[in-house]
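Following: one structure in structure tokens, then a few remarks.
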Amino acid sequence: MSRSSLARHRADSRAVNPLTGIGSALTGPAGRRAVVAAASSGIVLTLTASASVAAGGVDVAANRGPAPMANLTAITNDDDVIETSPSVTVAADAEWSFSTVAADVSSEPPPPPPPPPVVQRPTYTQAAAARTQTRTELPAASSAPAASSAPANPSGSLIVDIARRYVGTPYVHGGASPAGFDCSGFTMYVFAQAGISLPRTSSAQRYAGTVVSASEARPGDLVWAPGHVGIYTGNGNHIAARQPGTALYESPIYMSNPVFIRVG
């Protein structure tokens, strides 16, 4: 058997790998334009060789012959590639993708602040009711005039009647009888006829009883002023022995600020 009839050996060739087909695709005019456009614009594209690109290259599975590597240095010498254009031309069978980030911009105004909490004031209805009840239970004030602290004068009308019996008696200094009276002698004599004893002098009779106001004065009370004393008969009048040469008589009180004295 001759040597030529032995098994055949395949001639030596460049090793084939999965990137060989992509490199072959880039060596064509379309591939070179895509690379130059991407490099000049700064856009990075993700290219995936389609079945047609792979078909134009070497059948990797069959390992049929070598596929020439992309000669990138030849791109710069190709007059068809060095063209500047504002648009990017990509092969029809290329696939590309990109992602965008949506800006979080909102034109709506912020919601208004919540209203302040409502503070409810405490009520005092119960306390007010209690105060009202307490006031209701208080006794009503009496409109009647306050009672006088002076003693009653049961002999007042009698004293006046006795005094009027001696109207016209002459004035006698130191006199204490119907023959003649001075002021204090006359009052002492009249009160003695009613059973009431009085001191002899006008200054002593000032403290013989209880002082009352002019509004509380009653007939039968003494009317006193410094150096003089008489008997009050009511309605601003009095009976008294006034001075020598003048008989005893009844007249309006002529003294200023007289003191009224009730003798019990």
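The values are calculated or read from the model by the stated rules, or taken from the named source; none is laboratory data. Fair warning: this is a prediction, and the values are worked out from it, not measured in the lab. Cβ sites come from the backbone with ideal geometry, for glycine too, and all protein chains shown count toward neighbours.
Structural remarks
- Condition check for Ser148 on (1) at pLDDT below 80; (2) assigned to a helix (DSSP H, G or I): one failure, at (2).
- Any hit, the stretch 163-170, residues being surrounded by 10 or more Cβ atoms within 10 Å (Cβ to Cβ), modelled with pLDDT of 80 or more and outside any loop (DSSP other than H, G, I, E, B): yes
- The criterion of at least 2 residues that are modelled with pLDDT of 95 or more and crowded, with 20+ Cβ neighbours inside 10 Å is met, among strands (runs of 3 or more DSSP E) falling completely within the stretch 208-264, by 222-225, 228-234, 237-240, 259-262.
- Checked against (1) farther than 19 Å from Gly156 by Cβ; (2) without any contact (Cβ under 8 Å) to a residue 24 or more places away in the chain, Ala192 passes all but a single condition, namely (1).
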